[in-house]
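K.L.:
Dropping the structure in here first, questions after.
The values are calculated or read from the model by the stated rules, or taken from the named source; none is laboratory data. Predicted model, so just to flag it, every value in this text is computed and none were measured. In this analysis, Cβ positions are derived from the backbone assuming ideal geometry, glycine residues included, and neighbour counts consider all displayed protein chains. Accessible surface areas use protein heavy atoms only, side chains included; no ligands, DNA or RNA. Shrake-Rupley method; radii C 1.70, N 1.55, O 1.52, S 1.80 Å.
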Amino acid sequence: MAADMRLPTIRKTVSLSASAFDRKDLVVPGDVITSDTGFMRGHGTYVDDDKLTASVAGEVQRVDKLICVRPLKTRFNGEVGDVVVGRITEVQQKRWKVQTNSRLDSVLLLSSVNLPGGELRRRSAEDELTMREYLQEGDLISAEVQSVFSDGALSLHTRSLKYGKLGQGVLVQLSPSLIKRQKTHFHNLPCGASIILGNNGFVWLYPTPGQQEEEAGGFYTSLEPVSLSDREVISRLRNCLLALAAHKVLLYDTSVLYCYESSLQHQVKDLLKPEVMEEIVMLTQQKLLEQEG
């Protein structure tokens with residue numbers, strides 16, 4: 001049996017700026033946020049001896065007189081307009097249940113999906129009987145949050161051609177707090193693969209498709225064999241995502257692309273070694289700092 005042995009290496013010390021240690025906006029449970037009684041108490045805080053105190057570890061956010069603490073590690077709390085990647089868990093009457101990494105299963109109503117062929121008409125009893133032909137248990141979908149119910153459950157819709165059933169690719173499950181909110185979460189990367197960065201922490205990697213037929217209505221999934229080069233690119237991207245997530249780097253198209261470029265000098269299988277992960281993440285952070293500077 002082949003064993004992978006690594007020699008000890010000298011780790012480079014990374015010099016952190018003094019401001020990184022003196023951040024006032026990061027708190028742990030029990031930290032006093034303010035003793036001023038003029039502020040209102042928001043999520044993640046409680047009042048103790050007339051002092052506003054943090055009840056969770058996270059980032060302090062102030063909106064006028066309201067103070068709340070956004071947890072650094074939490075389940076997905078969806079908002080209207082969020083892009084999510086989810087898995088169908090149950091087919092019910094006129095709706096599908098979708099697992100989206102939140103506290104409760106999300107709901108995708110039959111009236112909130114495009115019919116195959118893009119038909120615009122009322123949903124009939126026949127459509128209800130053929131729901132499993134559209135989506136069945138285990139299928140992966142991309143969708144958008146349409147509304148939030150009073151209990152916190154999400155209502156989804158796939159009424160745009162960019163949403164719908166997902167075909168061949170790789171799902172990477174990460175923390176929702178690592179996904180950066182942007183105008184678009186669908187990116188065609190120049191390396192030959194595409195990525196959907198779901199706000200719920202589910203990231204979908206797939207080969208960049210050619211011209212997709214618009215008549216499919218979001219249910220067309222290509223089952224053609226994926227070439228070896230595409231599979232290698234997707235595997236490299238997947239390992240890059242895991243490296244960035246392990247070092248708590250915010251995920252968006254630029255950071256993923258810089259990490260991919262930094263990893264090209266290593267083999268795909270070596271990217272999960274701790275010292276290689278640290279090296280490519282440091283190179284990525286340097287490129288991001290140069291871009292900001």
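K.L.:
Could you tell me whether any residue of the stretch 104-118 is in contact (Cβ under 8 Å) with a residue 60 or more places away in the chain, open to solvent by less than 40 Å² (accessible area, probe 1.4 Å) and among the hydroxyl-bearing types (Ser, Thr, Tyr)?
P.N.:
no
K.L.:
A follow-up question, please. Determine whether THR89 is β-branched (Val, Ile, Thr) and in contact (Cβ under 8 Å) with a residue 60 or more places away in the chain.
P.N.:
Judged against the criteria, THR89 is not a match.
K.L.:
Given the criterion touching a Gly at 6+ places or on another chain (Cβ under 8 Å), polar (S, T, N, Q) and more than 19 Å from GLY152 (Cβ to Cβ), identify the matching residue among THR100, THR37, THR53.
P.N.:
Of the residues listed, the single one that is touching a Gly at 6+ places or on another chain (Cβ under 8 Å), polar (S, T, N, Q) and more than 19 Å from GLY152 (Cβ to Cβ) is THR53.
K.L.:
Report yes if some residue within the stretch 101-123 is under 22 Å from the mean Cα position of the chain (by Cα), among the basic types (Lys, Arg), within 16 Å of ASN199 (Cα to Cα) and at pLDDT 90 or above; otherwise report no.
P.N.:
Within the stretch 101-123, one or more residues are under 22 Å from the mean Cα position of the chain (by Cα), among the basic types (Lys, Arg), within 16 Å of ASN199 (Cα to Cα) and at pLDDT 90 or above.
K.L.:
For the stretch 147-162, which residues satisfy the criterion of being surrounded by fewer than 18 Cβ atoms within 10 Å (Cβ to Cβ) and either of a type in the set (Ser, Thr, Tyr) or touching a strand residue (DSSP E or B) at 6+ places or on another chain (Cβ under 8 Å) (or both)?
P.N.:
Hits for the stretch 147-162 are SER147, VAL148, PHE149, SER150, ALA153, HIS157, ARG159, SER160, LYS162.
K.L.:
Using beta carbons and a limit of 8 Å, which pairs, at least six apart or on different chains, have the first residue in the stretch 128-139 and without any contact (Cβ under 8 Å) to a residue 40 or more places away in the chain and more than 11 Å from LYS165 (Cα to Cα) and the second one open to solvent by 40 Å² or more (accessible area, probe 1.4 Å) and of a type outside the set (S, T, N, Q)?
P.N.:
Listed pairs, sorted by first residue: GLU128/LYS94.
K.L.:
What number of residues in the stretch 256-267 are touching a Ser or Thr at 6+ places or on another chain (Cβ under 6 Å) and within 15 Å of LEU242 (Cβ to Cβ)?
P.N.:
2
K.L.:
Another question, then. Looking only at the stretch 283-293, how many residues end up being part of a loop (DSSP other than H, G, I, E, B) and surrounded by 14 or more Cβ atoms within 10 Å (Cβ to Cβ)?
P.N.:
Qualifying residue count for the region: 0.
K.L.:
Suppose we filter LYS73, LYS97, LYS65, LYS51 for residues that are more than 23 Å from ASP25 (Cβ to Cβ) and among the basic types (Lys, Arg); which single one remains?
P.N.:
None of the other options fit; the residue is LYS97.
K.L.:
I'm told ASP127 meets every condition in (1) within 26 Å of GLY169 (Cβ to Cβ); (2) surrounded by 12 or more Cβ atoms within 10 Å (Cβ to Cβ) except one. Can you identify the failing condition by its number?
P.N.:
Exception for ASP127: condition (1).
K.L.:
Give the stretch 45-56 a look and list any residue that's of a type in the set (Gly, Ala, Ser) and open to solvent by less than 20 Å² (accessible area, probe 1.4 Å), or say none.
P.N.:
Of everything in the stretch 45-56, just one residue is of a type in the set (Gly, Ala, Ser) and open to solvent by less than 20 Å² (accessible area, probe 1.4 Å), namely ALA54.
K.L.:
Check whether at least one residue in the stretch 81-89 is open to solvent by 70 Å² or more (accessible area, probe 1.4 Å) and modelled with pLDDT under 90, and report yes or no.
P.N.:
There is no residue in the stretch 81-89 that is open to solvent by 70 Å² or more (accessible area, probe 1.4 Å) and modelled with pLDDT under 90.
K.L.:
What's the number of the condition LEU135 fails, among (1) open to solvent by 40 Å² or more (accessible area, probe 1.4 Å); (2) under 16 Å from LEU109 (Cβ atoms)?
P.N.:
Among (1) open to solvent by 40 Å² or more (accessible area, probe 1.4 Å); (2) under 16 Å from LEU109 (Cβ atoms), LEU135 violates only (1).
K.L.:
Same structure, new question: How do the strands (runs of 3 or more DSSP E) wholly within the stretch 173-282 filter down when requiring 3 or more residues that are surrounded by 14 or more Cβ atoms within 10 Å (Cβ to Cβ) and in contact (Cβ under 8 Å) with a residue 12 or more places away in the chain: which remain?
P.N.:
Result: 193-197, 202-207.
K.L.:
Hey, any hits in the stretch 166-181 for a residue that's within 19 Å of ASN114 (Cα to Cα) and more than 17 Å from the chain's Cα centre (by Cα)?
P.N.:
Taking every residue of the stretch 166-181 in turn, at least one turns out to be within 19 Å of ASN114 (Cα to Cα) and more than 17 Å from the chain's Cα centre (by Cα).
K.L.:
May I pose another question? What pairs come out if I take residues in the stretch 26-51 that are under 13 Å from LEU66 (Cα atoms) and pair them with residues that are in a loop (DSSP other than H, G, I, E, B) whose C-beta lies under 8 Å away, six or more apart or interchain?
P.N.:
Listed by first residue and then by second, the contacts come to THR37/ASP50; GLY38/LYS65; PHE39/LYS65; MET40/LYS65; GLY44/SER55; GLY44/VAL56; THR45/SER55; TYR46/SER55.
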